[in-house]
Amino acid sequence: MTLLENVSFAVPEIFIAIATMGLLMFGVFTNGKYARELNWGAIAVLLLALYPLFFGTASQPASIFNNAFSTDGFAKFSKAVIYVGAIFSILLSGHFMEREKINRFEYPVLILTSVLGMSLMVSSTDLISLYLGIELQSLSLYILASFNRDSRRSTEAGLKYFVLGALSSCLLLYGASLVYGFTGATTFPAIAEAGLTANTAGLILGLVFLISGLAFKVSAAPFHMWTPDVYEGSPTPVTAFFAAAPKFAGMALFARLMVEAFPGIIDQWQPVVIMISILSMAIGAFSAIAQTNIKRLMAYSSIGHMGYALMGVAAGTEQGISSVLIYMSIYMIMTLGTFGCILAMRRPEGMAENISDLAGLSRTQPGLAVMFTVFFFSLMGIPPLAGFFAKFYVFIAAIDAGLYPLAIAGALASAVAAYYYLSVIIKIWVSEPAPEFERQVGQSVKGIAVAASVLMVVGIFTIVPVLNTYASAAAETLFR
């Protein structure tokens, strides 16, 4: 395949890269006077990038750049979800950034560069392209975490994220070098083939380091230590973005790497993933109970939910990978909707982040109280909300793969997690009212929160069947 033909299959990534550079130059030469317009420009770029995913050469399955990059159905599904998640993250940001006086043109540019990295991640079928995608995403996220440079909490969050992120990159690189050393290959298919005859002990050691680096990226325990501080310290719209698209991209990469590069030694890596899944669910459930800050609670909630998603990865089957895609898609909607509600927690003196600030919300702002309740019930996995079906698919995948102890651990963790979600709901509906929040939070924030809450309620008739169909087709491409 010629270079031009290779390039034609990577149109979404190339378009995003060129458009991002264009927006950056425009912002520089206009001295950042059009920050709001650049937000809309970034949204337009992402919408336009969706087109070649479904029409034209880039929509066709191919393995390009010497088998380092794949445009299969799995990549196409993942990119579509990531682009949509980034669009809604930008929409959540506008009003907050203007109120906090940090509405700078670099924000949408950094979102786009991180999305470009995620796009490379989910299409990577080579250890080198995998690392380049992860680092492009991560470097952008480090800056976004400390975007409010006048806030000590924000700069501290960015520094912690950077230092721990550098450590995880070292683990990932060391693991990749060991895998290459013992297999003599960097592409996933070649690793899978060479792994059948390679030194098993050396290969497993490299795989453990790879899993450790990826577990950090999705904030799975015991590599979750950065998550609560970064979630709390980052600007709230940035936290919403962290909890959405990057988590999906990391989990998609995790799934592809395990089933494409190491299918022959599933009996070796499956127990490791099971252990990480159980630890994540347990730490997420028990640690969240003691939290008083709503963003830290969502951080531990995120850790727990990554554990549920890893149940599908641990299954190592087509059904398991499909359940991961469904789970992460629904989780992204729930999370963005919840953070839309959190962004509405503002008083004249500034943002309110304590759970106690939600006391009696049902009497001061019943609409917001209902949305919070819907999202927390969905995060708990209460039927018939969409969150229930997200958990249903991963539990079924684990049971069908014979992972009964993992399914039991997931059920117990869900019961514990229900306690802290219910404690917030009770506070909203039973406690004496705290001072009322401002009602001017931006139309896009209200719209996203309302739309997401409606989707959670009617998900069984809308998003769940659609996701099931397309996720199953996407997962199938990894097992051909």
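The values are calculated or read from the model by the stated rules, or taken from the named source; none is laboratory data. None of these values were measured; they are calculated from a predicted model. As a convention, Cβ positions derive from the backbone with ideal geometry for all residues, glycine included, and neighbour counts pool all protein chains shown. Side chains are part of the model used for accessible areas, which takes the heavy atoms of the whole protein and leaves out ligands, DNA and RNA. Shrake-Rupley method; radii C 1.70, N 1.55, O 1.52, S 1.80 Å.
Values as computed for the structure displayed
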| read-out | value |
| --- | --- |
| Cβ-derived FRET efficiency at R0 22 Å, Thr364 paired with Ala290, nearest 0.05 | 0.25 |
| Label-point separation, Glu156 to Tyr174 (7 Å along Cα→Cβ), nm | 2.9 nm |
| Point-charge dipole on Cβ atoms (K/R +1, D/E -1) for region 1-102, about Cα centre, debye to 20 | 280 debye |
| Given 14 as the ceiling on other Cβ atoms within 10 Å, longest exposed-site-free region of the chain for GluC sites (Glu not before Pro) in DSSP loops | 1-348 |
| Carbon/sulfur fraction of accessible area - the chain, other protein chains in place, 1.4 Å, % | 68 percent |
| The chain: relative contact order in percent, alpha carbon pairs under 8 Å with at least 6 residues between | 15 percent |
| Those residues of region 102-116 whose amide nitrogen sits under 17 Å from the label point placed on Arg149, 7 Å along Cα→Cβ | 102-111 |
| Per residue accessible area of region 271-336, 1.4 Å probe, in Å² | 21 Å² |
| 27 Å Cα-Cα reach of Lys76 towards lysines, excluding residues that sit fewer than 8 places from it in its own chain | Lys217, Lys247, Lys391 |
| Fraction of the pair-distance distribution of region 1-90 above 16 Å, Cα-Cα pairs, percent | 57 percent |
| Sequence-distant lysines (8 or more away, or on other chains) whose Cα lies within less than 20 Å of Lys446 | Lys295 |
| Three semi-axes of the equivalent ellipsoid, region 355-394, Cα gyration tensor, whole Å, largest first | 25, 9, 5 |
| Residue-normalised accessible area of region 143-185, expressed per residue, 1.4 Å probe, Å² | 53 Å² |
| Amide H partners (placed H, <5 Å) of Phe69, local residues excluded | Ile64, Thr125 |
| Spin-label proximity, Thr469 to region 69-100 - amide N less than 20 Å from point 7 Å beyond Cα toward beta carbon | 73-82, 84 |
| Where only C-alpha atoms are counted, convex hull volume of region 283-430 per residue in Å³ | 92 Å³ |
| Potential lengthening between Thr30 and Ala190 on full extension [0.36 nm per residue; Cα-Cα distance subtracted] | 52.7 nm |
| Cα-only radius of gyration and Dmax that characterise the chain, units Å | 21.3, 69 |
| Alpha-carbon centroids, region 122-187 and region 387-432: separation in whole Å | 30 Å |
| Under 18 Å from Lys101, Cα to Cα: lysines that are on another chain or at least 8 residues apart | Lys33 |
| Whole-Å semi-axes of the ellipsoid equivalent to region 217-275 (Cα gyration tensor, √5λ, descending) | 28, 13, 5 |
